[in-house]
Amino acid sequence: MTLALKADLAQILAEVFLEPGADLREDLGQLLDSGPGPSLEDPLGRMARNALEPTAQSVEYTRLFLHAKDTDAIHLFESVQARGHHMAPMVIAPLQAIYDAADIHLQEDLGIPPDHLGLEFACLSYLLGQVIEGGLAERPRFVELAQRLLREHLRPLASAVAGQLPQVSAHPYYQAASDLASALLPETEKALAEL
């Protein structure tokens, strides 16, 4: 599987976790057709088979991640998962350093802290794109930034979310998205290490 496909998968995961009503069914089908490899094909296929209509998907997203009724909501923010509260400086400062080094600037009116799982996947997709399309002189810098993002931020956050989803009877679509993330991250680390 190519690094470009990994970047596309990271972007899909960004949309899954950032946009509650995103209709990704067509995109999921195209990614499946692109031959993602055995470890990613299963969770990607489960996502495609269990995709919800946008309204139902928004309801499930809200139940899981925003306003759980009978369980605790699963926080998609690294600060909350790691430190128990939003905007923990020991999480935000190193993450912001990665964004700054990559010249990534979040929209001021976005209203989402930079340590949201979806934003971290969007950052990974961008960094992988820079590794692929950027100049050879810049490649080592973007490889190192992607490796830091994966090691220090995405892996622990995705692992924490993955551990909580079964406890709240997550819909198979979101469980498969988490499984896709769990499979994609080590494969991406391996591919970057081989560059």
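Name the residue, out of ARG49, ARG83, that is basic (Lys, Arg) and under 26 Å from ILE112 (Cα atoms).
Exactly one residue qualifies, and that residue is ARG83.
Just checking, which of ALA146, ALA101 is under 16 Å from the mean Cα position of the chain (by Cα), open to solvent by less than 80 Å² (accessible area, probe 1.4 Å) and among the aliphatic types (A, V, I, L, M)?
Unique residue meeting the criteria: ALA146.
Which one of the conditions (1) free of Cβ contacts under 8 Å to residues at least 40 places away in the same chain; (2) among the charged types (D, E, K, R); (3) touching a helix residue (DSSP H, G or I) at 6+ places or on another chain (Cβ under 6 Å) does ASP70 fail to meet, given that it meets all the rest?
It is condition (3) that ASP70 fails.
Of GLY163, GLY118, GLY135, which residue is of a type in the set (Gly, Ala, Ser), open to solvent by less than 60 Å² (accessible area, probe 1.4 Å) and in contact with a Phe, Trp or Tyr (Cβ under 8 Å, 6 or more places away or on another chain)?
GLY118
Where in segment 18-86 are the helices (runs of 4 or more DSSP H), entirely inside, with at least 1 residues that are farther than 18 Å from PRO166 by Cβ and in contact with a strand residue (DSSP E or B) (Cβ under 9 Å, 6 or more places away or on another chain)? Even if it seems obvious, please write down each step before you answer.
Details: elements: 25-33, 38-49, 54-61, 78-83.
Helices (runs of 4 or more DSSP H) meeting the threshold: 78-83.
Which residues, counting only those in segment 98-129, are hydrophobic (A, V, I, L, M, F, W, C), more than 25 Å from GLU187 (Cβ to Cβ) and free of Cβ contacts under 8 Å to residues at least 24 places away in the same chain?
Start the filter on segment 98-129 by keeping residues that are hydrophobic (A, V, I, L, M, F, W, C), which leaves 98, 101-102, 104, 106, 110, 112, 117, 119, 121-124, 127-128.
Checking the rest, the ones that are also more than 25 Å from GLU187 (Cβ to Cβ) come to 106, 110, 112.
Matches in segment 98-129: LEU106, LEU110.
Tally up the residues in segment 34-45 that are over 16 Å from LEU3 (Cα atoms) and either open to solvent by less than 10 Å² (accessible area, probe 1.4 Å) or at pLDDT below 95 (or both), please.
3
I'm told ILE12 meets every condition in (1) open to solvent by 60 Å² or more (accessible area, probe 1.4 Å); (2) in contact with a Phe, Trp or Tyr (Cβ under 9 Å, 6 or more places away or on another chain) except one. Can you identify the failing condition by its number?
All conditions pass for ILE12, except number (1).
Given the residues THR62, THR55, which is the only one that is hydroxyl-bearing (Ser, Thr, Tyr), surrounded by fewer than 20 Cβ atoms within 10 Å (Cβ to Cβ) and touching a Pro at 6+ places or on another chain (Cβ under 9 Å)?
From the options THR62, THR55, the qualifying one is THR62.
So PRO89 ticks every box in (1) open to solvent by 40 Å² or more (accessible area, probe 1.4 Å); (2) under 17 Å from GLY118 (Cβ atoms); (3) free of Cβ contacts under 8 Å to residues at least 60 places away in the same chain; (4) not hydrophobic (A, V, I, L, M, F, W, C) but one. Which box is left unticked?
Exception for PRO89: condition (2).
The values are calculated or read from the model by the stated rules, or taken from the named source; none is laboratory data. Computed from a prediction, not measured in an experiment: that's the story for all the values here. So basically every Cβ, Gly included, is an ideal-geometry build from the backbone, and we count neighbours across all protein chains shown. Just so you know, the surface numbers come from the protein's heavy atoms only, side chains and all, with ligands and any DNA or RNA stripped out. Shrake-Rupley method; radii C 1.70, N 1.55, O 1.52, S 1.80 Å.
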